[in-house]
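Data first, discussion second: the structure below is written as structure tokens.
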Amino acid sequence: MNGFIQLSKDAGPIGVFDSGYGGLTIYNEIQKLLPQYDYLYLGDNARTPYGTRSFDVVCEFTRQAVRYLFQQGCQLVILACNTASAKALRTIQQADLPALDPNRRVLGIIRPTVEHVGEVTKSGHVGVLATEGTIKSHSYPLEIRKLYPEIEVVGESCPMWVPLVETNEYESEGADFFVKRHIDNLLARDPEIDTIILGCTHYPILMEKIRKYTPDGITLLTQGAAVAASLAEYLQRHPEMERLCTKGGKTVFCTTESDGKFCTQASLFLNYPVEVKNVTLV
Ligand code: DGL
């Protein structure tokens, strides 16, 4: 799974970026569906969480990450982080890419997540659980409204959920309290909700507890499979980009935190051992 990826000037691994471990839930599904490609995963664990940070700070941190991944040869980068997708994607695509390299691409994960929500909800009432940054950006209601103007969307921010994952407390009793509180809040605001989008890539790691406190009959939507399918379609529609993604079936994991800590946690989430490189973003 790990190892040296042969880099060329014109082709490289697919970059997958998140503020921390959450993006591994997206990487996992992408790698399962598209195992032939090389990947470079980058977690900015030293500066996580992004969810409570300002627009400008998230933009700058994400820009640094994209620049790093480009320097490593990635031609295509997936922001496997809703907060970065909500706050930084548009600025990077419109303002930075033309100067950085107009031929490379950066894709987000919010649009692929909402694409099929209209086929899932029967009541037409959808809830979104996400970070404060994602909820305040209104990205989910805006994207859903573009495709399904009749759907009602209510969002609830869960500021403790990412720290619970990043500090390895996601199975603790304390986690029960915070998970239940935000699901109850969301459903109290709209009892007709029949579909909940887990709009943060860290949240599938809390799935056991999320299921425990979600009433039967409510569908929980996670993002990994939808993002992976959408990437596969994208690569089919864009053979000029597909050709620039190297195919060796290898993944390199990088973190801005201690590599030992990332190694233990990532191996836990992925269920296999990984080798990790420590990097500094500037
Ligand atoms: N995984 C990120 C997301 O999807 C978490 C953001 C954070 O660092 O707060 O939004």
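The values are calculated or read from the model by the stated rules, or taken from the named source; none is laboratory data. Bear in mind the structure is a predicted one, so any value in this text is a computation, not a measurement. In this analysis, Cβ positions are derived from the backbone assuming ideal geometry, glycine residues included, and neighbour counts consider all displayed protein chains.
Of the helices (runs of 4 or more DSSP H) lying entirely inside the stretch 104-154, the ones with 2 or more residues being closer than 27 Å to Thr52 by Cβ and either within 16 Å of the chain's Cα centre (by Cα) or among the basic types (Lys, Arg) (or both) are found at 110-114, 132-137, 139-147. Residue pairs whose Cβ atoms lie under 7 Å apart, separated by 6 or more positions or on different chains, with the first residue in the stretch 75-97 and under 15 Å from Tyr234 (Cβ atoms) and at pLDDT 95 or above and the second of a type in the set (S, T, N, Q) and within 12 Å of the ligand (Cβ to nearest atom), are Leu79/Thr62; Leu79/Ser85; Ala80/Thr201.
A quick yes/no check of all residues on (1) modelled with pLDDT of 95 or more; (2) small (Gly, Ala, Ser); (3) under 20 Å from Tyr203 (Cβ atoms):
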residue	(1), (2), (3)
Arg105	yes, no, no
Val117	yes, no, yes
Gly124	yes, yes, no
Ala130	yes, yes, yes
Ile135	yes, no, yes
His138	yes, no, yes
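The requirement of being in contact with a Leu (Cβ under 6 Å, 6 or more places away or on another chain), outside any strand (DSSP E or B), at pLDDT below 95 and within 16 Å of the ligand (Cβ to nearest atom) is satisfied by Phe269. Phe61 meets each of the listed conditions (1) over 24 Å from Thr246 (Cα atoms); (2) not in a helix (DSSP H, G or I) apart from (2). For the stretch 90-101, the condition of being closer than 26 Å to Thr48 by Cβ, more than 14 Å from the ligand (Cβ to nearest atom) and crowded, with 21+ Cβ neighbours inside 10 Å holds for at least one residue. Against the conditions (1) surrounded by fewer than 24 Cβ atoms within 10 Å (Cβ to Cβ); (2) under 18 Å from the mean Cα position of the chain (by Cα), Leu69 satisfies every one except (1).
Only a single item in (1) within 11 Å of the ligand (Cβ to nearest atom); (2) closer than 23 Å to Arg243 by Cβ; (3) hydroxyl-bearing (Ser, Thr, Tyr) is not met by Tyr50, and it is number (2).
When the criteria are applied in full, Gly15 fails the requirement of being on the phi > 0 side of the Ramachandran plot, more than 14 Å from the ligand (Cβ to nearest atom) and not hydrophobic (A, V, I, L, M, F, W, C). Scanning the stretch 165-201 for residues that are within 11 Å of the ligand (Cβ to nearest atom) and either surrounded by fewer than 21 Cβ atoms within 10 Å (Cβ to Cβ) or modelled with pLDDT under 95 (or both) yields a total of 2.
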